[in-house]
Amino acid sequence: MDHYTQYQPTTGFTRWLDSRLPLVRMAHETIMDYPTPRNLNYMWTFGGVLAFCLGVQILTGIVLAMYYAANTQLAFDSIEHLMRDVNYGWLMRYTHQSGASMFFIAVYIHIFRGLYYGSYKAPREILWIIGVLILLVMMATAFMGYSLVWGQMSFWAVTVITNLFSSLDSIVNGLGTALVQWIWGGFSVDNATLNRLFSLHYLLPFVLAGLVVLHIWALHVPGNNNPTGVDLRDIHREAVPFHPYYTTKDGFALIVFCVLYAYFVFYMPGYLGDATNYVQANPLQTPPHIVPEWYFLPFYAILRSIPSKLGGVIAMFGSIVVLMLAPWLDTSRVRSTRYRPLYRWFFWALVVSCLVLGWLGGKPPEGNYLIVGRIFTAYYFLHFLVIMPFVGIIETPKPQPRSIAESILGPSARGAGRMPHPAPAAAETR
């Protein structure tokens, strides 16, 4: 898509730079003049919120790494030293710790928004796949960061999760065991394991940042989706420049989000974690109930719902892979669930399913918890593999507006005057 820009270098230096490395022009086109559908609601603010969360996590993580000792004998005490003796160390630690939860809250809302409004459909398939890859890298990074605390729950979570790779022995004899020992750096979770997890935890956020740049690049090729799911047809009437309209709107949403973030940092920093993790790791004492952080609980419930160890691992990773396949599993030609009355019920059933799985992930895998977990695990996969393709074929959607302008102004939009916009050149269909 061709973008018009109002950027004009005004000094000799900026003209010289623009002719050789047009960074300022690119930023201006991306942030200031970028034409954006004028009907985006607050659900579209979470992309900016996620960029903010990533920046906070990287900055606080760099500071924490200066004081952290990646040694099984020193790790737990180094965090206590940071909290008690380093100026504002408690603030850095709590901001980083609570930031992980805030990050996942925002990303889950972002994903469900994409599913509801059909943001995964053509021509945004690559954008969606990169988004799912970002989720995978986020999960890996968060798991490794959780392990660095070296509390009881961290140690045993690492032991349990890394042991899952041993299930590959049933496919190729000895493969799983060799892989587990390679991850551990020995025959048990010990010092070598902690060093490897620390190195990867420091590296992966920068990989994540690279994926985010790709994600934004992939977004700017087809342009933003919108609540109607209708393509942008007239840039003058249906779009506004990103600045000042959406920078103001996103800025307000970010302030509201930061209030919630600050509430957890200053008043409830340990609320979303497990109290067992405030006890130093002890390989000789197993906690009665091993659970990961809350943002992993739905996947943990899926893992435990399958009787087979290998089957549970396949189902857990399959729950992410099936998200990648959504652009091809959804057979409906209508993007937005707003105009799909039948599918809307199944979408909200999926949301309930994920919430119930999250609740079940914190319960012991026995009795009725296990039965209910299997029911909702089955629905999760049926939603993508059966319901999504089938409903798209049989459903009769509601009439869609013919344009974004019509969805805002009604049928009178067809004869309405042109909306002011700084971009005189028309963009191709988004």
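No value in this document is a laboratory result; all are computed from the given coordinates. Computed from a prediction, not measured in an experiment: that's the story for all the values here. Positions of Cβ are generated from backbone atoms using ideal geometry, with glycine treated the same way; all protein chains shown enter the neighbour counts.
For the chain, give the magnitude of the charge dipole about the Cα centre (Cβ charges: +1 Lys/Arg, -1 Asp/Glu; no others), in debye to the nearest 20. Intermediate values should be presented prior to the final figure.
Numbers: 27 positive and 21 negative charges, 241 e Å.
Dipole of the chain, to the nearest 20 debye: 1160 debye.
Can you give the Kirkwood hydrodynamic radius for the chain, in Å, rounded to one decimal and based on Cα pairs?
With all distinct Cα pairs of the chain included, I get 24.1 Å.
At what distance in angstrom do the alpha carbon centres of region 167-199 and region 122-140 lie from each other?
27
Expected output is a single nm value to one decimal: the length gained when fully extending between Leu21 and Phe112, i.e. 0.36 nm times separation in residues minus the C-alpha distance. What is it?
Length difference between fully extended and current span is 28.9 nm.
Can you pull the one-decimal nm distance between simple spin-label points at Arg333 and Gln280, each 7 Å off the Cα toward Cβ?
So the two model labels end up 6.8 nm from each other.
Which of rounded, prolate or oblate describes region 33-191 when judged by the alpha-carbon gyration tensor and an a/c cut-off of 1.5?
Oblate, since a/c reaches 1.5 and b/c is not below a/b.
Go ahead and set up a Gaussian network model of the chain, Cα springs under 10 Å, then flag whichever of Ile375, Ile404, Ile290 fluctuates most.
Ile375
Over the chain, calculate the relative contact order: mean separation of alpha carbon pairs under 8 Å at least 6 apart, over the residue count, as a percent.
25
Per residue of region 301-311, in order, report the coupling 6.51 cos²θ - 1.76 cosθ + 1.60 (Karplus, θ = phi - 60°) as ³J(HN,Hα) in whole Hz, putting x for Gly and Pro.
Going residue by residue, I get 5, 4, 4, 7, 7, 8, x, 7, 5, 5, x Hz, with x marking Gly and Pro.
Give me a comma-separated list of calculated 3J(HN,Hα) values for region 114-120, in order, Karplus coefficients 6.51, -1.76, 1.60 applied at θ = phi - 60°, integers in Hz, x for any Gly or Pro.
Per-residue couplings from phi come out as x, 5, 5, 9, x, 6, 8 Hz.
In a GNM of the chain with a 10 Å cut-off on Cα contacts, which of Gly358, Gly367, Gly47 has the highest mean-square fluctuation?
Its mean-square fluctuation being the largest, the pick is Gly367.
Report the gain in length on full extension from Phe187 to Val386: 0.36 nm times residue separation, minus Cα-Cα distance, nm rounded to one decimal.
Gain on stretching Phe187 to Val386: 67.4 nm.
Taking only C-alpha pairs under 8 Å that are 6+ residues apart, what is the relative contact order of region 1-129 in percent?
Details: 68 pairs, mean separation 29.6, N = 129.
Relative contact order comes out at 23 percent.
What shape does region 132-195 take by its C-alpha gyration tensor, where a ≥ b ≥ c are the square roots of the eigenvalues and a/c under 1.5 counts as rounded, a/b above b/c as prolate, and the rest as oblate?
On the way: a/c = 2.19, a/b = 1.24, b/c = 1.76.
It is oblate, given that a/c is not under 1.5 and a/b is not larger than b/c.
Take the chain, connect every pair of alpha-carbon atoms lying under 10 Å apart with a spring to form a Gaussian network, then pick out the residue of Ser336, Ser199, Ser119 with the largest mean-square fluctuation.
Per the Cα network of the chain with a 10 Å cutoff, Ser199 tops the list.
Setting aside same-chain residues fewer than 8 positions from Lys309, which lysines have a Cα under 27 Å from its Cα?
Answer for Lys309, where 27 Å is the Cα cut-off: Lys363, listed by chain and number.
Report ³J(HN,Hα) in whole Hz for each residue of region 376-388, in order, from the Karplus equation J = 6.51 cos²θ - 1.76 cosθ + 1.60 where θ = phi - 60°; Gly and Pro get x.
With coefficients 6.51, -1.76 and 1.60, one gets 6, 5, 4, 5, 4, 6, 4, 4, 7, 8, 10, 5, 4 Hz.
Report the label-to-label distance for Leu409 and Val213 in nanometres (one decimal), using points 7 Å from each Cα along the Cα→Cβ vector.
Rounded to a tenth, the inter-label distance reads 4.1 nm.
Skipping prolines and chain starts, which residues have an amide H placed within reach, meaning under 5 Å, of the one on Thr36, given they are 5 or more residues away or on another chain?
Under 5 Å from the amide H of Thr36 lie the amide H atoms of Val240, Phe242, each far enough along the sequence or on another chain.
Over region 157-234, what is the relative contact order in percent, taking alpha-carbon pairs closer than 8 angstrom and at least six residues apart? Each step should come with its number before you reach the end.
On the way: 33 pairs, mean separation 11.3, N = 78.
Relative contact order for region 157-234 comes out at 14 percent.
Under the rule of -39500 (n - 2.57) per DSSP H run of 4 or more residues, summed and divided by the residues of the chain, what mean residue ellipticity at 222 nm is obtained, to the nearest 500 deg cm²/dmol?
Mean residue ellipticity, 222 nm, calculated: -19500 deg cm²/dmol.
Taking a spot 7 Å from the Cα of Leu91 along the direction of its beta carbon, which residues of region 50-67 have an amide N less than 11 Å from it?
Label zone hits: none.
Cut-off under 15 Å on the C-alpha distance; same-chain residues fewer than 8 positions from Lys121 excluded. Which aspartates and glutamates are left, in chain and number order?
Asp231, Asp330
Can you tell which of Tyr278, Ile130, Asn163 lies farthest toward the positive end of the dipole of the chain, using +1 and -1 charges on the Cβ of basic and acidic side chains (Lys, Arg; Asp, Glu)?
Farthest towards the positive end: Ile130.
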